[in-house]
Amino acid sequence: MLTVDTPAQTTSKPVFAQNDPTTDNHLSTTPSLAPAISTTAREPQLAKEFDVMISYCWANKDDVLWIKGALEKRGFSIWFDKERMPEVGDIYDGMWEGISKSKVVCSFLSVHYENSKNCRGELCTARKQKRTIVPIDLDCGPFTWTELITAELLYVDFSDKSHDRNEKMDELVNRIVSALRKQQTSVPPTSWNPPTTMPVTPVISKEELKQLLDPTHIVKIENDVEEVNRKCLPGAREWLLQDVKDWAEDSEASSIFWLVALAGAGKSVVAASAINWLRSAKAVSTTTPRKSSAQAVLGAFFVRKADQSDRNDPFRLVHTLAYQIALKFDVVAQHINELEEAEPGFIGKLNVSRAFKNLLVDPLAKLQSQNANEHVVIVLDALDECGKAHSKGRADFLYALGNITLPKN
């Protein structure tokens, strides 16, 4: 956990550190397709396996092509109709190949997708063949049959064009990576028979998580981070940021990096720069390789504001961090859901220190056991504005941070 704050005016030493409905724009103009593609009596052409199949409507090509390019830059192999159709030839063989040979199906939901019979065929078949589906909202619908198929899944929302697309890409990448990792334990298919890997269906939806944890409005925090980035000069505090990078990628380092300096020294610049660096799914390290190195990824971040009640409440802070991490890692979402199912109302009864342990420390420990070589980093800015001075909430939070052992992930 990276924390930055201004030293308090005391002499005490801290105890811790650190489409038109009548036409179909999917693929090309083709005859209507039934709600599911027949998977019998078909001999698909040989093809390699792909990480992701892009299921979309051509009317949304601009958004889809941008996301496709971003995924390819992150190292994912993509099944894309315009690239595969010249080799496959037949549209139906192509759609079957994409579903059968891809580990994850990303469905780009929109009004055009909703009105496309070919899109309907793809998504229904993907579900029937038990593929892992990651739904992506490109607009606000209205949706009917698509909502029935994806109702229990966590969406990645690209519909708000004012939102930072790069951060949404991080969320999408985390969903895909989580699904791919879970499938590594399954026996790979040895023929063209439909794979037996079950889809990764989140046990709790995004809206249920939001209702349960009541997080602070994330967009406000993102805006503050972007404001800092706009104002800072290129290369500012780069030497200090390098220290943060070295720490984040060192599996033997302390679990807390605490940056203390006077007001105006540039702590928020370092925090904002660290967030941007960590947002890369495969951050390129500039450190010297070592045996204890690990990949650092952004788990959550929070910027406190003393004059905003939802931004200086330690209780809301812990819940907001847990909400962000649960959206990125299914094991954390499952842990939180199990807590509430075991004792309804349990999460709402937790004080700050117990919430810190139950919602952050314990699920992160589970995550570490699954991803030992990946460090999930939480960035906290303006720690000194967390709670009112001498309040029990602040005392509980600082006690938890200083005395509860955080997993080194």
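Structural remarks
- Filter result (open to solvent by 20 Å² or more (accessible area, probe 1.4 Å) and within 15 Å of Leu212 (Cα to Cα)) within the stretch 352-387: Asn358
- Matching residues, the stretch 252-268, being in a helix (DSSP H, G or I) and open to solvent by less than 40 Å² (accessible area, probe 1.4 Å): Lys267
- If only residues of the stretch 128-143 that are hydrophobic (A, V, I, L, M, F, W, C) and more than 20 Å from the chain's Cα centre (by Cα) are counted, the one that is farthest from Asn174 (Cα to Cα) is Phe143.
The values are calculated or read from the model by the stated rules, or taken from the named source; none is laboratory data. Fair warning: this is a prediction, and the values are worked out from it, not measured in the lab. The protein model used for the area step is the full one, side chains on, heavy atoms only, and it has no ligands, DNA or RNA in it. Shrake-Rupley method; radii C 1.70, N 1.55, O 1.52, S 1.80 Å.
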